[in-house]
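Undergrad: The structure that follows is given in the form of structure tokens.
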Amino acid sequence: MSSVRALVEEQLGTGYRYQQFDCNGVGLLPGTKVSLKMEAWGDLLKDFTGDSVLDIGCNLGFFTFLAAQRGASKSIGVDVDRKRIDWAERFRRQVRVEFDHEWMDRVEFLLDLDDVVGRFDYIFMWSVYHHMFKLHPDHDYWFQWLFEHLAPDGQILFEGPFTPDYIIERIGLGDVWTRETLEAAMSRFSWRYLGPAKHTGGREMVLLWR
Ligand SMILES: C[S@@+](CC[C@H](N)C(=O)[O-])C[C@H]1O[C@@H](n2cnc3c(N)ncnc32)[C@H](O)[C@@H]1O
């Protein structure tokens, strides 16, 4: 059994299933939920040649890896959860060693958004903004942060709940986060609604760009 396969099985043994990887002997493959997200984004994830990518709430790093694999010159994943970042880094090192995927060298993981330096051609922000907003419930603060970290002509691929949504209710943001307040914060961007996410019935997905 390959060491990457052993790592995948060890991770599965933790019972944590959000970003699940599979392994067929050539590297990491997406599990079911990740596949559905990829299907929903379609062609938007095809080619990152020469781009810099920031993946906020990167979890085990699947999409951070994907961007690098698809040509990103730099792909940075950030997650507040040390366990997730440690797993991501273990996968990164093992795949690098075992499969000699040199694009793994363009991947970096961080624990804290304060450590993010620079501007990015793409920011992925999937199923995480409601957590960020809970930490600091101010759209203007976050959208300013995003603006400062987005390259000219950069794009933000955003997936998350708009009200009414059970996630916003569940984490207690129902009274401060309305569709109107979010849209007002987004008004300095051009943005486009792309359609509902496929991995959860209720969530929607938008594409924002400058
Ligand atoms: C529901 S998962 C989504 C993972 C990934 N973005 C995806 O779509 O597959 C949410 C992730 O965001 C992380 N997270 C929560 N609050 C965060 C914050 N303030 N900054 C960065 N990451 C955060 C969690 O630890 C978790 O890994």
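Undergrad: Check D105 against each of (1) farther than 22 Å from V53 by Cβ; (2) at pLDDT 95 or above and name the one condition it does not meet.
TA: Failing condition for D105: (1).
Undergrad: Looking at V34, V78, V53, which one is aliphatic (A, V, I, L, M), at pLDDT below 90 and buried (at least 21 other Cβ atoms within 10 Å of the Cβ)?
TA: Working: V78 fails: at pLDDT below 90; V53 fails: at pLDDT below 90.
The unique qualifying residue is V34.
Undergrad: OK, next. Spot the failing condition for P152; the list is (1) in contact with a His (Cβ under 7 Å, 6 or more places away or on another chain); (2) loosely packed, with under 14 Cβ neighbours inside 10 Å; (3) not hydrophobic (A, V, I, L, M, F, W, C), and only one is missed.
TA: Tallying (1) in contact with a His (Cβ under 7 Å, 6 or more places away or on another chain); (2) loosely packed, with under 14 Cβ neighbours inside 10 Å; (3) not hydrophobic (A, V, I, L, M, F, W, C), P152 fails exactly one: (1).
Undergrad: Suppose we filter D121, D165, D138, D112 for residues that are closer than 22 Å to D47 by Cα and either in contact with a strand residue (DSSP E or B) (Cβ under 6 Å, 6 or more places away or on another chain) or acidic (D, E) (or both); which single one remains?
TA: D121
Undergrad: Still on this model: Kindly indicate whether any position in segment 68-82 is among the acidic types (D, E) and more than 12 Å from the ligand (Cβ to nearest atom).
TA: Within segment 68-82, none of the residues are among the acidic types (D, E) and more than 12 Å from the ligand (Cβ to nearest atom).
Undergrad: While we're here: Do we have any residue at all in segment 100-116 that's over 20 Å from V8 (Cα atoms), within 13 Å of the ligand (Cβ to nearest atom), in contact (Cβ under 8 Å) with a residue 60 or more places away in the chain and outside any helix (DSSP H, G or I)?
TA: Yes, segment 100-116 contains a residue that is over 20 Å from V8 (Cα atoms), within 13 Å of the ligand (Cβ to nearest atom), in contact (Cβ under 8 Å) with a residue 60 or more places away in the chain and outside any helix (DSSP H, G or I).
Undergrad: Hey, does segment 127-145 have a residue that's buried (at least 22 other Cβ atoms within 10 Å of the Cβ) and modelled with pLDDT of 95 or more?
TA: No, there is no match, as no residue in segment 127-145 is buried (at least 22 other Cβ atoms within 10 Å of the Cβ) and modelled with pLDDT of 95 or more.
Undergrad: Can you tell me which condition D55 does not meet? The list is (1) farther than 28 Å from V116 by Cα; (2) touching a strand residue (DSSP E or B) at 6+ places or on another chain (Cβ under 9 Å); (3) in contact (Cβ under 8 Å) with a residue 12 or more places away in the chain; (4) acidic (D, E), and all the others hold.
TA: Only one criterion in (1) farther than 28 Å from V116 by Cα; (2) touching a strand residue (DSSP E or B) at 6+ places or on another chain (Cβ under 9 Å); (3) in contact (Cβ under 8 Å) with a residue 12 or more places away in the chain; (4) acidic (D, E) is unmet by D55, namely (1).
Undergrad: Where in segment 124-210 are there helices (runs of 4 or more DSSP H), lying wholly inside it, with at least 1 residues that are of a type in the set (K, R) and under 18 Å from the mean Cα position of the chain (by Cα)?
TA: In segment 124-210, the matching helices (runs of 4 or more DSSP H) lie at 129-135.
Undergrad: Any residue at all in segment 111-118 that is touching a helix residue (DSSP H, G or I) at 6+ places or on another chain (Cβ under 7 Å) and crowded, with 19+ Cβ neighbours inside 10 Å?
TA: Within segment 111-118, none of the residues are touching a helix residue (DSSP H, G or I) at 6+ places or on another chain (Cβ under 7 Å) and crowded, with 19+ Cβ neighbours inside 10 Å.
Undergrad: Inspect all residues belonging to segment 86-95 and state whether any of them is more than 21 Å from K46 (Cα to Cα), more than 15 Å from the ligand (Cβ to nearest atom) and among the small types (G, A, S).
TA: no
The values are calculated or read from the model by the stated rules, or taken from the named source; none is laboratory data. Since this is a predicted model, take the numbers as computed values, not measurements. Please note: Cβ atoms are built from the backbone with ideal geometry, for glycine as well, and neighbour counts cover all protein chains shown.
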